[in-house]
1. Between a residue in segment B:293-310 that is more than 9 Å from every other protein chain (Cβ to nearest Cβ) and any residue that is of a type in the set (S, T, Y) and surrounded by fewer than 23 Cβ atoms within 10 Å (Cβ to Cβ), which pairs come within a Cβ distance under 6 Å, given they are 6 or more apart or on different chains?
2. For residues in segment A:201-221 being in contact with a Phe, Trp or Tyr (Cβ under 6 Å, 6 or more places away or on another chain) and part of a helix (DSSP H, G or I), which is nearest to the other protein chains (Cβ to nearest Cβ)?
3. With a cut-off of at least 3 residues that are under 21 Å from A:V178 (Cα atoms) and at pLDDT 70 or above, name the helices (runs of 4 or more DSSP H) lying wholly within segment A:59-107.
4. Specify the residue that is farthest from the chain's Cα centre (by Cα); the eligible residues are those in segment A:203-231 that are charged (D, E, K, R) and surrounded by 21 or more Cβ atoms within 10 Å (Cβ to Cβ).
5. Restricted to segment B:6-16, and to residues that are part of a helix (DSSP H, G or I) and facing another protein chain (nearest Cβ under 10 Å), which residue is nearest to B:M173 (Cα to Cα)?
6. It is to be established whether one or more residues within segment B:183-197 are at positive phi, within 14 Å of another protein chain (Cβ to nearest Cβ) and not in a helix (DSSP H, G or I).
7. Among the residues that make up segment B:17-40, is at least one of them touching a residue at least 60 places away in the same chain (Cβ under 8 Å), away from every other protein chain (no Cβ under 13 Å) and part of a helix (DSSP H, G or I)?
8. Taking segment B:174-194 as the search range and keeping residues that are among the aliphatic types (A, V, I, L, M) and surrounded by fewer than 22 Cβ atoms within 10 Å (Cβ to Cβ), which one is farthest from A:I196 (Cα to Cα)?
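The values are calculated or read from the model by the stated rules, or taken from the named source; none is laboratory data. Predicted model only: the values in this text are computed from it and were never measured. Ideal geometry is used to build each Cβ from the backbone, glycine not excepted, and the neighbour counts take in all protein chains shown.
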Amino acid sequence: MKAKGGSYQNLMMAELKTLLNNHWTLIVLSVYVFFTCSVYFSESFRQTWLQVLDGNLFTTMINLYLPTFLFIAVLLNTAPIFASDKKNGMEELADTCFYGKNFRKKAKIEATIFYTILITAAGFLVTAAVSLASRTPLDLSSKAFETVNLDISMSNGVFYLFCFAMVVLGLIAVASAVVLISSRSDDVIVPLASGILIYGIELALYLKPLVKILWDINLLKLLRPYTMLSVSLYFDSAIKALVANVVAFVLVSVALFLLAFTAAPEAKAKHTLSSPST
Amino acid sequence: MSLTSAEFKKIVSKKYVWVLALLLALFYAYMFLNIGDNFSVVYSKRALQPVFQEIMDAAYDPQVQEYVIKNGFNVTFDELKPLISPKIAQTIEQYQGKIYKGYDVAKELKDEAAVRIESLVERNVTINEMIQELKNKPDTPLNRYLLQQYTHMPKMEPNLTRWDDWIDINNSMLPLLIAFVVILGVASVYTGEYTSKMHGILLTTKNGRSKLFWSKLLASCLFAAMVVIIFQSLAAVLHMHVYGFPFKNTPMNSLTSFYKRPNTMWALEFYLCQLAGSLLGAIVLTAVTLCISSLCRSNLVSFFISGIYFALGALFSQNLEGQYITSKVTIFADASTFSLMSLTDVLGNAKVFIIGNHVIPTIILTLITQAVIFVVALFLTHVFYNRKEITA
């Protein structure tokens with residue numbers, strides 16, 4: 001994997017840095033920090049605009065609000081990941097390089113996954129930090145949703161970790177679809193619009209459970225993890241629904257990333273044949 | 001004109017717009033057709049429409065009213081049977097022994113008929129009580145307005161038409177779909193020119209950019225109008241297929257969601273207003289998107305900011321449903337482009353806002369705000385697009 005100008009890891013780190021340094025990451029996180037501070041420090045804001053879950057602000061933020069901000073950040077950063085290369089001719093340039101675009105493509109996909117994990121972690125940490133700064137305890141040892149009769153019960157600490165894992169999986173699933181569409185399109189607007197469309201369709205299927213299995217296996221459930229702790233429409237237990245949802249989205253994500261990666265040779269051949277310089 | 005048609009062709013030739021629009025349309029149709037075989041869709045209202053007049057007569061019969069009120073608005077069909085027209089029972093008898101998806105059709109229809117009669121009696125009693133309350137309340141501009149509206153309402157009818165569902169077309173989903181496709185098509189009208197470096201070259205042409213500005217605007221508005229017509233027609237066709245025609249025109253106060261609202265409109269009139277609002281809203285959204293597109297250098301930014309502009313209004317508006325007074329908090333939602341495209345909240349609930357001694361319908365505020373947004377957006381687009389670029 002050693003390349004002349006550096007290693008594969010260097011390439012991946014460079015892509016990751018590009019994603020992290022993107023101004024969209026900063027803008028979305030800044031807006032989220034502002035929103036979180038308003039929630040934690042202003043009672044009137046909380047009362048007017050917020051629907052509090054389980055009487056726990058941290059649970060509320062990581063279930064109802066943070067995933068939406070993270071979705072926007074991931075969408076805006078991953079949409080141009082391949083499409084913008086085509087627009088400015090970088091794709092052809094990569095074709096002529098020693099390692100071609102396969103390494104670059106792989107590095108971009110890995111960077112997207114790491115970026116999703118890092119930005120989700122950052123979102124959780126920021127929320128926890130603001131929570132502690134406002135002297136709102138995280139209540140790690142108490143039982144999550146104590147007053148509700150849930151099928152799956154756990155302590156708040158474990159529930160927060162569960163939420164982190166589910167949100168990461170949901171965002172990686174979105175990223176995989178957007179990356180695939182980005183690799184097939186030369187206009188940035190297409191992956192961006194497709195990402196929004198996917199979210200919209202999943203939201204509609206979640207709000208109107210016309211097809212029971214599509215309500216249980218739904219992106220919105222991953223992005224609102226508390227909804228997975230109780231009630232399944234299709235399966236006979238919430239645990240089965242949770243496992244099915246996780247397995248389905250892991251498989252879909254892997255399949256979409258593989259498709260995005262394997263799109264390379266075809267595009268390469270097409271470009272080589274159609275290029276006037278060859 | 002040829003310039004406008006060229007610009008229009010440029011917009012409609014974007015394949016991805018039509019692919020995504022088709023996906024949206026298919027999904028909308030799928031969601032909608034899924035409810036087509038529900039009991040409430042197939043039987044509830046449809047089977048009782050032949051005895052619409054008889055049910056209405058029953059609800060306005062003093063003997064029936066007295067009986068329903070005496071029993072606390074909780075009566076059965078068998079209790080009402082001796083007091084109402086035998087034609088109602090005969091119509092229901094046709095379905096005797098018929099079972100649909102586990103429902104005993106005749107039994108369900110008897111319950112439905114009883115509910116329609118008792119709810120109409122209850123609604124009339126509620127409105128009369130509200131009128132009496134208003135007469136005893138202090139003489140404020142709002143109370144005066146409400147009294148005027150409630151006393152001039154058309155006679156309430158049984159809710160047996162399909163107008164509830166027809167009006168719901170534009171409640172939230174369709175405006176969102178239309179807005180999505182409009183933004184998708186229009187967001188790259190100017191940014192495409194910037195990224196292809198055509199913007200600077202245009203300064204060297206005979207007509208410059210000014211003529212192009214109007215052509216682009218007209219072409220974009222035509223595209224928005226076309227999207228509105230396509231989606232509204234699709235929704236109307238689907239509704240016609242699932243629910244059929246709305247049976248007859250009915251006052252808005254006969255519909256469940258609006259009966260307590262100070263609304264004196266008729267359902268058909270309101271639906272036509274919704275269609276006009278959808279078109280006007282789409283055109284305002286086009287102007288805003290063009291303005292953002294002329295300012296941005298990237299499709300991504302243009303699409304995203306335009307989407308945020310519309311989505312904020314939609315989110316805000318959806319969280320405030322069910323009130324009929326516009327306050328300082330709700331004013332941004334009520335005056336939003338989404339509100340104009342939906343009109344369900346602003347016009348359906350007959351919202352008003354109070355300035356001093358005057359009660360003004362919020363729809364006027366919505367229209368004025370949107371007209372101002374349209375003009376400002378056009379002006380800014382003109383400024384941004386026609387500014388000289390000296391980057392040689």
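1. From residues that are more than 9 Å from every other protein chain (Cβ to nearest Cβ), the pairs are B:R297/B:Y194.
2. A:I201
3. On the way: elements: A:66-78, A:80-87, A:90-95.
Output list reads A:66-78, A:80-87.
4. A:D216
5. Among those residues, the one meeting the criterion is B:Y16.
6. Taking segment B:183-197 and keeping what is at positive phi, we get B:197.
From the residues that got through so far, the ones that are within 14 Å of another protein chain (Cβ to nearest Cβ) too are B:197.
This time we only want the ones that are not in a helix (DSSP H, G or I), so: B:197.
Yes, some residue in segment B:183-197 is at positive phi, within 14 Å of another protein chain (Cβ to nearest Cβ) and not in a helix (DSSP H, G or I).
7. Within segment B:17-40, one or more residues are touching a residue at least 60 places away in the same chain (Cβ under 8 Å), away from every other protein chain (no Cβ under 13 Å) and part of a helix (DSSP H, G or I).
8. In this case the residue turns out to be B:L174.
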